[in-house]
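Worksheet: one structure, shown below.
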Amino acid sequence: MSNSIYVAAPEGRTGKSMVAVGMIEALTRTVSSVGVFRPVVASGSEDAILHTLISQPGVEQTYDEAVGVTYEQVHDDPDAALHVLVEKYALIKERYESVVILGSDYTATTSPTELTFNARVAANLNTPVILVVSGRNRTPEDIRSAAEGGLAEFRAHHAKVIAVIANRVSTLERASSDEVDPADLEAVRAELAKLPDVITAALPADRLLAAPTVRAQFDAVEANLVLGNPDLLDRESQDTLVAAMTLPNVLRRLTPESTVIMPGDRSDLLPGLLLAHRSGSFPPLAGIILLGGYEIPDTIVKLVDGIHNQLPIGMTNLGTYTSSDRMFRLEGAMTSSPRKVEVARRLFSEHVDVAALLKALQVHRSDVITPLMFEHQLQELARSDRRTIVMPESTDDRILTSADILLQRGVANLILLGDAQAIKQRATRLGLSLHGVTVVDPTDPELIERFAAEYARLRAHKGVTIEQAKEKLTDLSYFGTMMVHLGMADGMVSGAINTTANTIRPSLEFIKTKPGVSVVSGSFLMCMPDQVVVYADCAVNPNPTAAQLADIAISSAETAVAFGIEPRVAMLSYSTGTSGFGADVDKVREATEIVRAKMPDLALEGPIQFDAAVDPTVARTKLPDSPVAGRATVFIFPDLNTGNNTYKAVQRSSGAVAIGPVLQGLNKAVNDLSRGALVEDIVNTVAITAIQAQA
């Protein structure tokens, strides 16, 4: 059995590192440890791609541990180099459950020799191969032909290829080589499917993944920064526009995150471009380069300074033809930014049958679930059936930043509430793209009329009028919740600014609880070092009755199932079994009996003390025949004071990751954020909400 995989290509510039990143993520959410090995690197400087791979979440290696040999060593003595590689790989394989091996880049030796050496390495390491071929500017037939050539070479050296992936597939007829028609992508998939005995896939070209940084563009045309923020030079530029026309015609041709190159003596265009960039009405730019070496007039500099411009503006002595030729030829590495890596992960997940690959590798899901594994599993589950989540608090930078990450990862479709221009302006200043986000104006008269009529109808028994309903809808938690109620969104995440009560109140008023559930409760997914368990109620109910406690237990068991946790429910108390008496323990005992009556097949124990619920040794003494004692996965606390303090104590003292609160019992998916939530907390909460919406 081999859990390792060798990602190789028969040629250069295939984007195989993107496939390696995708495989690392797939393995990270499946096994407990993942290593990386780069058999051949260039000498003289450290390998940027390898640095990206070892920096992926879940990979804990130093650069030197992951390096094999140099191109010079391979050239001088291939057999000796191969011997070194086998020894180094054996050391890595001992430490990690799975290893992703990334083949060489065709930068220092002739291609046929290099392909043969990669085949020999894969065979001697006894690892199956994913063969990555370029789909850029090729017909489906040409792509299959390239794959057949690579397959023949690997098979000739007794290396087993389990998958062929065509990457960067683009449409030949298009002027731009970084776009693909869906029909063309399907044609490539159909052609590759003719290859026998291998899993096949085709990944579309993506403009961002090949985008150079603005700094690289400046360097290519020998431009110096004359105005703007130098920190923004490291952002990607997704297009180049030559602007030698009047401003109205230039504005019509602007594309998101493009760099405009323009004659330096047309400084009259500069204020208009900067205004368009800041306005939110036009796509945000990446940079501007002035050609010909003409100095910007003092009056224009004064004007630009007055609007507090951040956009990088450079100046070069080169002319239009030379500059545009150099910039159009420029391409950036996929591994040059975290943003690109996120997009690469998403594309791999969306277009490759990961389950089939892992099955071919004979990778079995680990019994251990680390916090990182669980986080990856959450996002993959959310991606598998993407839902639409509304986020009302768009004035908070954490919300905008998390929205950018969520969109890149493809976790959910997002709706932000607010003024579209204000959101775009703020996103631009933060260096965010928010490409694909939907912005809904909560002051839209048509929506307000529709929402107010529905709210007044739902609250008619409370005497609510249309005018009162309109007043309520100025609270964006009410507005967002109404979108969920009416099916315009599948779920809502709020609370970065608003209180928990403010988030839950509108849900209780008109979304209501599920049939048979009397109370909304809040659970936490507690990610321990080796497993994930559920704690509840830790957020909502101060002192639940026995009936409410039973509902909390049932809701928590359902939450566990939704997130892949086998529910074994412990009804916690200061007493175990029949040993104790008193009002508090009697309440837990009564709640346990209610749950047993409603869900007789649920693994349940109560009353039970915490130590008996988690420690097998204690469990054997106190409840030797219990299916739950010593191995509980769902912990129901008797009151909010106990639950809230316990989750925080465990979190702080053990280093456990607490994800939540997850609101339970509602008819629709609505979740609350802590006002101190970090960006990653928000990302996880949106993923959780999307998964709840799927259910």
Query raised in the report: If you take the square roots of the eigenvalues of the alpha-carbon gyration tensor of the range 150-277 and sort them as a ≥ b ≥ c, do you get rounded (a/c under 1.5), prolate (a/b over b/c) or oblate?
Result: prolate
Query - Computed magnitude of the charge dipole of the chain (debye, nearest 20; Cβ of K, R +1, Cβ of D, E -1) - result: 1240
Report task. Go ahead and run the numbers for FRET between ARG155 and SER45, Cβ-Cβ distance against an R0 of 45 Å, rounding to 0.05. Result -> 0.85
Report task. Distance between Cα centroids, the range 304-335 to the range 578-630: provide it in whole Å. Result -> 68
Query raised in the report: Share of the chain's accessible area from carbon and sulfur, percent, 1.4 Å?
Result: 52
Requested in this report: Determine the dipole magnitude for the range 158-274: charges of +1 sit on the beta-carbon of Lys and Arg, -1 on that of Asp and Glu, nothing else is charged, the reference point is the Cα centre, and the result goes in debye to the nearest 20.
Outcome: 120
Query raised in the report: Once you sort the root eigenvalues of the Cα gyration tensor of the range 419-539 as a ≥ b ≥ c, which label holds: rounded (a/c under 1.5), prolate (a/b larger than b/c) or oblate (the other case)?
Result: oblate
Requested in this report: Would you please put 565-574, 54-63, 462-471 in order of how densely packed they are, using the mean number of other Cβ atoms within 10 angstrom per residue and starting with the highest?
Outcome: 565-574, 54-63, 462-471
Requested in this report: Find the relative contact order for the range 414-472 and round it to a whole percent, using C-alpha pairs within less than 8 Å whose residues are 6+ positions apart.
Outcome: 32
**Report entry** FRET E, pair THR320, SER145, Förster distance 51 Å, beta-carbon r, rounded to 0.05
**Finding:** 0.85
Query - Neighbourhood net charge (11 Å Cβ-Cβ; Lys/Arg +1, Asp/Glu -1) for PHE117 - result: -2
Query raised in the report: How do the peptides 322-330, 550-558, 237-245 rank, highest first, by the average count of neighbouring beta carbon atoms within 10 Å per residue?
Result: 550-558, 237-245, 322-330
Requested in this report: Considering the options PRO140, PHE117, SER104, tell which one lies farthest towards the positive end of the dipole of the range 52-154, charges being +1 on Lys and Arg and -1 on Asp and Glu at the Cβ, about the Cα centre.
Outcome: PRO140
Query raised in the report: Taking +1 at the Cβ of each Lys and Arg and -1 at the Cβ of each Asp and Glu, which of PRO248, GLN425, GLN56 sits farthest along the dipole of the chain towards its positive end, judged by Cα position relative to the Cα centre?
Result: GLN425
Query raised in the report: What is the chain's relative contact order, in percent, from Cα pairs under 8 angstrom and six or more apart in sequence?
Result: 11
Query raised in the report: When Lys and Arg each count +1 and Asp and Glu each count -1, what net charge do the other residues less than 13 Å away from ILE92, Cβ to Cβ, add up to?
Result: -2
Report summary line: With +1 on the Cβ of every Lys and Arg and -1 on the Cβ of every Asp and Glu, the dipole magnitude of the range 320-393 about its Cα centre, in debye rounded to the nearest 20, is 180
Query raised in the report: Based on the Cα gyration tensor of the range 633-679, what are the three equivalent ellipsoid semi-axes, each the root of five times an eigenvalue, rounded to whole Å and given largest first?
Result: 20, 16, 10
Report summary line: Between the residues ALA210, THR388, VAL585, the Cα farthest towards the positive end of the dipole of the chain, that dipole coming from +1 and -1 charges on the beta-carbon of Lys, Arg, Asp and Glu, is from VAL585
Query raised in the report: What is the local net charge at ASP611, summed over the other residues whose Cβ is closer than 14 Å to its Cβ (Lys, Arg +1; Asp, Glu -1)?
Result: +1
Query raised in the report: Can you give me the relative contact order of the range 240-339 as a percent, contacts being Cα pairs under 8 Å and 6 or more apart?
Result: 28
Query raised in the report: How long is the range 305-455 along each principal axis, judged by its Cα atoms, biggest number first, in Å?
Result: 60, 57, 24
Query - Pair GLU87, ASN126: separation of 7 Å Cα→Cβ label points (nm) - result: 1.9
**Report entry** Equivalent ellipsoid dimensions for the chain as semi-axes, Å, which come from the Cα gyration tensor, largest first
**Finding:** 48, 38, 20
Report summary line: Relative to the chain, whose Cα atoms define the longest principal axis, helix 140-156 and its Cα axis are tilted in degrees, nearest 10, by 80
**Report entry** Beta bridges by DSSP in the chain, antiparallel share as percent, to the nearest 5
**Finding:** 20
Report summary line: Normalised Cα Rg of the range 531-642, dividing by 2.2 N^0.38 Å with N its residue count, works out at 0.95
Report summary line: Result for the chain: accessible area per residue, probe 1.4 angstrom, in square angstrom, of 41
Requested in this report: Note down the Stokes-Einstein diffusion coefficient of the range 280-325 in µm²/s, whole number, using a Kirkwood radius over alpha carbon pairs, 10 °C, and 1.306 mPa s.
Outcome: 130
Query raised in the report: Using a ≥ b ≥ c from the Cα gyration tensor of the range 225-326 (square roots of the eigenvalues), is it rounded, prolate or oblate, where a/c under 1.5 gives rounded and otherwise the larger of a/b and b/c decides, a/b for prolate?
Result: rounded
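The values are calculated or read from the model by the stated rules, or taken from the named source; none is laboratory data. Here the structure is a predicted model, which is why all the values come from computation and not from measurement. Counting neighbours? That spans all protein chains shown, and the Cβs are built from the backbone with ideal geometry, glycine included. To get the accessible areas, we keep the full protein, side chains included, count just its heavy atoms, and leave off ligands, DNA and RNA. Shrake-Rupley method; radii C 1.70, N 1.55, O 1.52, S 1.80 Å.
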